[in-house]
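What follows is a set of notes on a single structure, which appears directly below.
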Amino acid sequence: MPLDASAQGAGGDAKVLRLVVGYAAGGAADAVARAYAEQLQTAGFANVIVENRPGASGRLGFDAVKRAKADGLTLYLGSSPMFVIFPLTYRKLGYDPDHDLRPVAVVADVPTAAVAGASQPYGDMPAYVQWAKQARGKANLGLATLGSPGQLGTIEMAKQNGLQVEPVVYRGAAPMLVDVVSGEVSMGWDAVASMMPLYTGGKLKFLGVAGSRRLPMLPDVPTLLEQGYPQYQHASSWYGVYAPAGTPDAAISALEQAFLAAGKNPALVAKLQASGFLVEPRSGADAKRRMETERAHWAPVVKAAGIVFDE
């Protein structure tokens with residue numbers, strides 16, 4: 001895409017596009033940001049820099065972009081829970097998810113799934129439910145993030161099936177998966193991308209994936225919806241790109257088209273899909289509608305469960 005006038009400096013010198021990521025380098029969000037940055041540069045942007053601002057579950061990066069000049073040259077790449085789940089679960093959020101930033105585009109979906117250790121006696125969700133009913137308090141759910149869509153879906157599923165599934169929260173996916181593999185935790189929930197190496201190594205088995213369709217990287221694993229558990233249909237997350245609230249419409253439109261075009265590049269799609277992502281870029285308007293739909297879906301679940309965090 002040719003550079004828009006808003007991305008030109010005095011005398012026609014191209015300015016730098018900063019893509020701020022609210023998470024550490026080497027993680028999932030960073031991988032998505034760098035894949036897009038590389039493609040945007042080859043598509044006409046002179047320089048795209050990925051800037052990692054980890055901390056507070058992505059909120060430090062959000063705040064940095066919220067305070068940046070609204071000229072279309074500083075963007076935020078963030079995960080959907082910041083805009084969908086956090087407004088429902090945090091007593092003091094510290095930002096306005098609907099007005100501080102403007103959505104530019106959805107750039108990648110993050111498939112999530114329920115997994116169990118390879119030695120467990122159940123291989124799908126119906127079998128797990130039957131096991132949990134006889135487990136006498138031993139059923140639990142390993143989580144890398146408290147209040148995640150996977151936890152909310154499990155709360156809803158357990159309630160409708162008369163189960164007690166205790167959440168066990170870890171400081172990241174790696175230690176959680178260690179306990180899932182060993183059988184210390186009966187079921188784990190996280191992004192497919194983080195679990196694929198253990199799955200291909202024969203140490204984990206997928207009980208089912210979230211969403212309404214099977215994944216191209218796991219074609220033989222049925223969705224939880226297929227298995228009769230609609231509670232997980234909205235339990236995956238996604239990454240969006242956002243600009244400061246005052247960014248002009250013309251700049252938003254140009255950026256949106258640039259990201260949509262980059263997300264259709266076969267090399268980018270193949271690279272991210274191999275890492276466990278789905279790349280079907282959508283507009284900023286679609287991002288806004290998706291936030292509203294998912295928030296409306298989870299609001300009664302959060303309220304019924306009484307999940308509230310102070311910070």
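The values are calculated or read from the model by the stated rules, or taken from the named source; none is laboratory data. Computed from a predicted structure; not experimentally measured. Because the Cβ atoms are built from the backbone with ideal geometry, glycine has one as well, and the counts that use them run over all protein chains shown. Only protein heavy atoms, including side chains, enter the accessible area calculation; ligands, DNA and RNA are left aside. Shrake-Rupley method; radii C 1.70, N 1.55, O 1.52, S 1.80 Å.
Could you please give the count of residues in the stretch 42-92 that are under 21 Å from D310 (Cα atoms) and open to solvent by 30 Å² or more (accessible area, probe 1.4 Å)?
11
Check L146 against each of (1) modelled with pLDDT under 90; (2) aliphatic (A, V, I, L, M); (3) in a helix (DSSP H, G or I) and name the one condition it does not meet.
L146 satisfies all of (1) modelled with pLDDT under 90; (2) aliphatic (A, V, I, L, M); (3) in a helix (DSSP H, G or I) except (3).
Specify which of the listed residues (S283, S275) is among the hydroxyl-bearing types (S, T, Y), open to solvent by 50 Å² or more (accessible area, probe 1.4 Å) and in contact (Cβ under 8 Å) with a residue 12 or more places away in the chain.
S275
For A245, are the conditions met, namely being in the same structural domain as Y76 (by the TED database), out of contact with any helix residue (DSSP H, G or I) (no Cβ under 6 Å at 6 or more places or on another chain) and either within 15 Å of A29 (Cα to Cα) or open to solvent by 40 Å² or more (accessible area, probe 1.4 Å) (or both)?
Yes; evaluated as a whole, the condition is true for this residue.
Are any residues in the stretch 113-145 in contact with a strand residue (DSSP E or B) (Cβ under 8 Å, 6 or more places away or on another chain), more than 15 Å from Q227 (Cα to Cα) and either open to solvent by less than 50 Å² (accessible area, probe 1.4 Å) or of a type in the set (G, A, S) (or both), and if so, which ones?
A116, G117, A118, Q120, G137, A139, N140, L141, G142, L143, A144 - these are the residues of the stretch 113-145 that are in contact with a strand residue (DSSP E or B) (Cβ under 8 Å, 6 or more places away or on another chain), more than 15 Å from Q227 (Cα to Cα) and either open to solvent by less than 50 Å² (accessible area, probe 1.4 Å) or of a type in the set (G, A, S) (or both).
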